[in-house]
Amino acid sequence: MGTGGLTEMSLPDFAGINDFAGIWYHTARWPKQAVDFSGKRVGVFGTGATGIQVIQTIAAQVEHLKVFQRTPTYTIPMKNPRLDEAQQALLRAGHSALKERVHDTFSGAEFTFDDRSYFDLSADERHARMEELWAEGSLSFWVGSFREILTDQRANAEVSEFVRNKIRARVNDPVVAEKLVPSTYGFGTRRVPLETGYYEVYNQDNVELVDVREHPIETITEKGVKTTLDEYELDVIIYATGFDAITGELTRMDIRGEDGTSIKDAWADGPRTYLTFQTAGFPNLFIVNGAVFCNFTRCAEVVAEWVSDCIGYMREKGFERINTTAEAEEAWTDHANSLTEGMLFTKTKSWFMGTNIPGKKKTFLFYAAGAPMFRQQCAEVAAKGYEGFELS
């Protein structure tokens with residue numbers, strides 16, 4: 001199942017969502033042809049990673065833009081400089097070394113957590129380090145700084161306020177700035193997007209931020225959107241409302257195991273797997289969906305190679321069937337769940353926890369030990385003749 005982790009789109013359950021007479025798009029089902037927003041009154045729902053990309057891109061194209069925000073997002077301004085030929089050549093020359101380096105980092109990126117403890121540094125040293133990482137313009141500020149920002153409430157609060165102040169400094173209207181500043185959760189406990197000029201969009205006269213926590217959506221109308229405060233006439237609505245992540249693309253299909261149980265029912269209390277690859281009772285079903293908390297591409301490589309090697313081993317030995325045992329699944333699921341104890345992710349509502357989907361079991365959807373540990377666990381299972389699996 002090479003379905004990926006972010007495939008099954010999620011639409012909000014707004015009243016009247018089918019009544020809108022204009023054009024609407026979901027960012028996960030964007031048309032292949034270019035969309036012309038010139039002269040259009042556009043409304044965007046969602047200020048996560050994709051919503052931010054859309055907003056910062058179309059704000060200069062539309063006549064008016066209404067951003068309907070429920071939960072503001074911590075972001076990092078992306079430094080994306082143009083590289084000259086000499087710089088490109090230098091990067092190419094270092095490709096092999098870079099590949100080796102990312103092989104051993106927690107996140108599968110070229111940076112990893114600081115070895116020092118956050119509070120072993122003075123306040124001035126901590127601030128200087130944050131400024132240094134912020135200037136890099138990459139996710140190093142998130143998964144290349146201090147581990148404590150994911151586990152220690154005091155450290156997280158300090159880093160969160162640092163980022164809030166960065167946001168405030170870029171928005172002219174202090175009232176709008178405060179609406180764009182997250183206050184109900186800490187930095188890094190939800191997906192942290194990179195952005196380019198996102199906050200400056202709100203300094204434009206043709207852009208309005210609508211806080212739907214303060215004034216909730218009542219209904220989508222034929223002409224646009226009605227909140228408890230006002231009605232907004234629109235030509236186009238864009239839903240950047242995310243996905244039923246990791247499990248949704250599988251549970252929407254009627255996949256049934258050997259006893260007739262659907263995978264949706266098997267995962268009613270959260271996904272249960274062994275090594276994230278297989279679920280007991282579903283023989284020969286390999287799951288490749290990015291359920292490891294790391295650079296998806298790097299960890300997908302681990303999974304793809306493991307599955308390929310496993311199939312090769314089975315062919316060599318004359319096996320035609322592989323299925324994880326219930327005991328191995330139970331032990332792995334308990335192990336994976338134990339890794340999240342004390343992590344601030346679990347205290348935050350997000351798609352990481354499945355809480356963006358009504359009725360979905362709240363659980364951290366990723367293996368949280370990091371890329372090297374995941375790779376080691378996979379290698380050990382294979383080295384022991386695929387321990388935890390039944391082959392026949």
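Selection over region 50-75 of residues that are within 27 Å of ASN156 (Cβ to Cβ) and open to solvent by less than 10 Å² (accessible area, probe 1.4 Å) gives a count of 8.
Residues of region 298-319 that are at pLDDT 95 or above, open to solvent by less than 60 Å² (accessible area, probe 1.4 Å) and more than 13 Å from PHE286 (Cα to Cα): GLY312, MET314, GLY318.
Among the residues of region 76-111, those that are within 27 Å of ALA155 (Cα to Cα) and open to solvent by less than 60 Å² (accessible area, probe 1.4 Å) comprise ILE76, PRO77, VAL102, THR105, PHE106, SER107, GLY108, ALA109, PHE111. Within region 172-194, the set of residues being open to solvent by less than 10 Å² (accessible area, probe 1.4 Å) and at negative phi comprises ALA177, LEU180, VAL181, PRO182, PHE187, THR189, VAL192, PRO193. In this entry, GLY197 is excluded by the filter for residues that are modelled with pLDDT of 95 or more, surrounded by 21 or more Cβ atoms within 10 Å (Cβ to Cβ) and assigned to a loop (DSSP other than H, G, I, E, B).
Among the residues of region 4-35, those identified as among the charged types (D, E, K, R) and in contact (Cβ under 8 Å) with a residue 12 or more places away in the chain are GLU8, ASP13, ASP19, ARG29. Within region 16-41, being closer than 21 Å to THR227 by Cβ, over 26 Å from the mean Cα position of the chain (by Cα) and crowded, with 16+ Cβ neighbours inside 10 Å holds for PHE20, GLY22, LYS40, ARG41. Considering region 238-264, and only residues there that are charged (D, E, K, R) and open to solvent by 40 Å² or more (accessible area, probe 1.4 Å), the residue that is nearest to the chain's Cα centre (by Cα) turns out to be ARG252. Scan region 211-246 for residues that are closer than 18 Å to THR50 by Cα, aliphatic (A, V, I, L, M) and in contact with a strand residue (DSSP E or B) (Cβ under 8 Å, 6 or more places away or on another chain) and jot them down. Scanning region 211-246 gives VAL236, ILE237, ILE238, ALA240.
Within the bounds of region 186-195, is there any residue that is under 19 Å from GLY46 (Cβ atoms), touching a helix residue (DSSP H, G or I) at 6+ places or on another chain (Cβ under 7 Å) and aromatic (Phe, Trp, Tyr)? No, every residue in region 186-195 fails to be under 19 Å from GLY46 (Cβ atoms), touching a helix residue (DSSP H, G or I) at 6+ places or on another chain (Cβ under 7 Å) and aromatic (Phe, Trp, Tyr). Scanning region 361-374 for residues that are buried (at least 22 other Cβ atoms within 10 Å of the Cβ) and among the charged types (D, E, K, R) gives no hits. Screening VAL44 with (1) more than 25 Å from GLU249 (Cα to Cα); (2) open to solvent by less than 70 Å² (accessible area, probe 1.4 Å) gives one miss only, at (1). Of the candidates TYR198, TYR185, TYR232, the single residue that is aromatic (Phe, Trp, Tyr) and farther than 24 Å from MET78 by Cβ is TYR232. For region 353-360, indicate whether the set of residues that are more than 15 Å from the chain's Cα centre (by Cα), more than 18 Å from GLN278 (Cβ to Cβ) and buried (at least 19 other Cβ atoms within 10 Å of the Cβ) is non-empty. Yes, that holds for at least one residue. Of the residues making up region 153-166, those that are within 21 Å of the chain's Cα centre (by Cα) and not small (Gly, Ala, Ser) number 4. Within region 200-231, the set of residues being among the polar types (S, T, N, Q), in contact with a His (Cβ under 8 Å, 6 or more places away or on another chain) and assigned to a loop (DSSP other than H, G, I, E, B) comprises ASN206, THR228. Considering (1) among the hydrophobic types (A, V, I, L, M, F, W, C); (2) touching an Asp or Glu at 6+ places or on another chain (Cβ under 9 Å); (3) free of Cβ contacts under 8 Å to residues at least 40 places away in the same chain, the lone condition that LEU90 does not fulfil carries the number (2).
The values are calculated or read from the model by the stated rules, or taken from the named source; none is laboratory data. All values derive from a computational prediction rather than experimental measurement. Glycine also receives a Cβ, built like all others from the backbone with ideal geometry; neighbour counts cover every protein chain displayed. Areas reflect the complete protein model, heavy atoms only, side chains present, ligands, DNA and RNA absent. Shrake-Rupley method; radii C 1.70, N 1.55, O 1.52, S 1.80 Å.
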